[in-house]
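Report on the following structure.
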Ligand SMILES: Nc1ncnc2c1ncn2[C@@H]1O[C@H](COP(=O)(O)OP(=O)(O)O)[C@@H](O)[C@H]1O
Ligand SMILES: [Mg+2]
């Protein structure tokens, strides 16, 4: 089946006056065509940060330290801002 979204080894941190908070460490996931993925976990485990990072809506204190987010094979973290914006506008929605 066709891979739509692939997240690989995603690491997101927040820079705070008291130090660095590691919100996501080495997150991997794949969503294939027709699949629905539910992310479940206790409060504060990183569900919202994961979704915001994929959607390009991470606040400015958040730093994507490493990893890849691919949409139909295009790495949204490595391509141009213009290209990632065009893909996200066409393909992603947040409720
Ligand atoms: N803007 C932010 N600044 C600093 N820390 C944040 C920010 N947003 C989220 N965090 C921290 O990142 C971690 C993951 O949060 P979050 O993704 O909101 O959890 P949840 O799984 O409940 O949605 C938590 O430790 C949270 O305190
Ligand atoms: Mg949340």
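Every number here is computed from the coordinates shown, using simple stated rules; none is lab data. These numbers come from a predicted model, not from an experiment. Cβ: placed from backbone, ideal geometry, glycine included. Neighbour counts: every protein chain shown.
Brief remarks follow.
- With neighbours defined as other Cβ atoms within 10 Å of a residue's Cβ, the residues 28, 75 order from fewest to most as 28, 75.
- Paramagnetic reach from residue 79 in segment 15-54 [backbone N under 15 Å; point 7 Å along Cα→Cβ]: 54
- Principal-axis tilt of helix 81-91 within the chain, Cα atoms, nearest 10 degrees: 60
- Computed helical MRE - 222 nm, the chain, DSSP H runs ≥ 4 contributing -39500 (n - 2.57), nearest 500: -6000 deg cm²/dmol
- Förster radius 41 Å - calculated FRET efficiency between residue 60 and residue 38, Cβ distance, rounded to 0.05: 0.90
- Cβ-Cβ FRET estimate between residue 1 and residue 29, R0 fixed at 22 Å, reported to 0.05: 0.90
- Take 62-70, 1-9 and order them by the average number of nearby Cβ atoms within 10 Å per residue, most first; the result is 62-70, 1-9.
- Contact order normalised by residue count of segment 9-90, Cα under 8 Å, 6+ apart, percent: 32
- Cα gyration tensor, segment 49-95 - rounded (a/c under 1.5), prolate or oblate: oblate
- Cα-based Kirkwood hydrodynamic radius, segment 3-91, one decimal, Å: 13.7
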